[in-house]
Amino acid sequence: MEFFNSALGKNITFVRPAYFKIVGFIGIPNMHYYYVFLFFVFFVSVLGNITVMGLIYLDHNLRTAKYIAIFNLAFVDLIGNTALVPKVIDIFLFNHYYISYGECLTFYFFCNICLSMQSLNLVALCYDRLIAIMYPLHYQVRMTPKIMFSIVAFIWLLVLSCVLIALGLLTRLSFCDSVVINSFYCDHGPIYRLGCNDTTPNLVHGNLLIALFAWVPLITIMCSYICIGRTLAKISTAKERIKAFKTCTAHLSAVAIFFIPVLIVYNMRANIHPNARIINLSLTTVFPPMLNPIIYVLQTQEIRASLRKILQSKLQLRVASK
């Protein structure tokens, strides 16, 4: 971080607190029920994403471009909820509101890496569906596992670079007054607004991150589905159109549960109570990782077939061993 901690070759002394205090859920009655619910969501999320990753790893028929992206989405969802939910429960259920400076920045890093990766991973899956429907005869050539792996690697590189820059900009802030973070985790906006020196770079970069990881992916996905809709309209029979569209339902469901709540909360930010906003944002963060594996298991024929095959083989082994 030396680049961010120097200016024109001269060392600068920054005022960094020993700790931050996270107060997002303080003052809300009966919140222990919410923490129990969060733990249930976390448990289902871990179980579901491990199942999806295990199925893709064990079934060689799922070693395709599409399932590389789905595996990455499940991995990101697993890491994201594991980084967020246990820490949130520890902070608010066990009253550990104070978090050290370094731990807070680490908390921010992992949560924002995973949240940003979810968004761009949905773009990668959308691109897969776009190629599959617009060029069905050339899909195996245009969308190979190697190509998808390259896309996923580029997304990781982009997200890591952007979040590390944001992290570096946070380290150049001095915190002279309040150390109270009005959120449920170490969020970028509530942290940099506490800075008592120039926060303009943080503001600009924060807005850039919102555009890059929220609006650009959403607009890209919408434009892609306009192209998909035009392609489907050219298919002669309704049965074939429905069959082709069904391959997109799982992805559309994942897009809806990720983007719609975020857009609603941010568009209503001036008219929504701060406590309601924090709870809505926390649910928006933890729900997609729980629902994504359920969606892909229920709506993807290949994953259902793989799960059925593995369960049947285990059942046969049990019967044979008796």
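Observations on the structure shown:
- ILE99, sole failed condition from (1) assigned to a helix (DSSP H, G or I); (2) open to solvent by less than 60 Å² (accessible area, probe 1.4 Å): (1)
- Residue in segment 55-77 that is modelled with pLDDT under 95, aliphatic (A, V, I, L, M), open to solvent by 20 Å² or more (accessible area, probe 1.4 Å) and under 19 Å from PRO190 (Cα atoms) present: no
- Unique residue being within 19 Å of the chain's Cα centre (by Cα) and either open to solvent by 70 Å² or more (accessible area, probe 1.4 Å) or acidic (Asp, Glu) (or both) when the list is LEU218, LEU203, LEU212, LEU208: LEU208
- Looking only at segment 297-322, and only at residues there that are surrounded by 10 or more Cβ atoms within 10 Å (Cβ to Cβ) and β-branched (Val, Ile, Thr), the one that is nearest to the chain's Cα centre (by Cα): VAL297
- None of ASP128, ASP177 is acidic (Asp, Glu) and surrounded by fewer than 16 Cβ atoms within 10 Å (Cβ to Cβ) except ASP177.
- Among (1) free of Cβ contacts under 8 Å to residues at least 24 places away in the same chain; (2) closer than 25 Å to VAL76 by Cα - the single one ALA276 does not satisfy: (2)
- Some residue of segment 99-116 being farther than 19 Å from LEU169 by Cα, of a type in the set (Gly, Ala, Ser) and in contact (Cβ under 8 Å) with a residue 40 or more places away in the chain: no
- Within segment 146-188, being polar (S, T, N, Q) and either assigned to a loop (DSSP other than H, G, I, E, B) or touching an Asp or Glu at 6+ places or on another chain (Cβ under 8 Å) (or both) holds for SER174, SER178, ASN182, SER183.
- Residue in segment 257-273 that is assigned to a helix (DSSP H, G or I), modelled with pLDDT under 90, over 27 Å from ILE22 (Cα atoms) and not small (Gly, Ala, Ser) present: no
- Test: residue in segment 142-151 that is closer than 25 Å to ASN207 by Cα and either of a type outside the set (D, E, K, R) or surrounded by fewer than 16 Cβ atoms within 10 Å (Cβ to Cβ) (or both): yes
The values are calculated or read from the model by the stated rules, or taken from the named source; none is laboratory data. The structure displayed is predicted, hence computed values, not measured ones. Neighbour counts are summed over all protein chains in view; Cβ atoms, including those assigned to glycine, are modelled from backbone coordinates with ideal geometry. Surface accessibility is based on the protein's heavy atoms, side chains included, excluding ligands, DNA and RNA. Shrake-Rupley method; radii C 1.70, N 1.55, O 1.52, S 1.80 Å.
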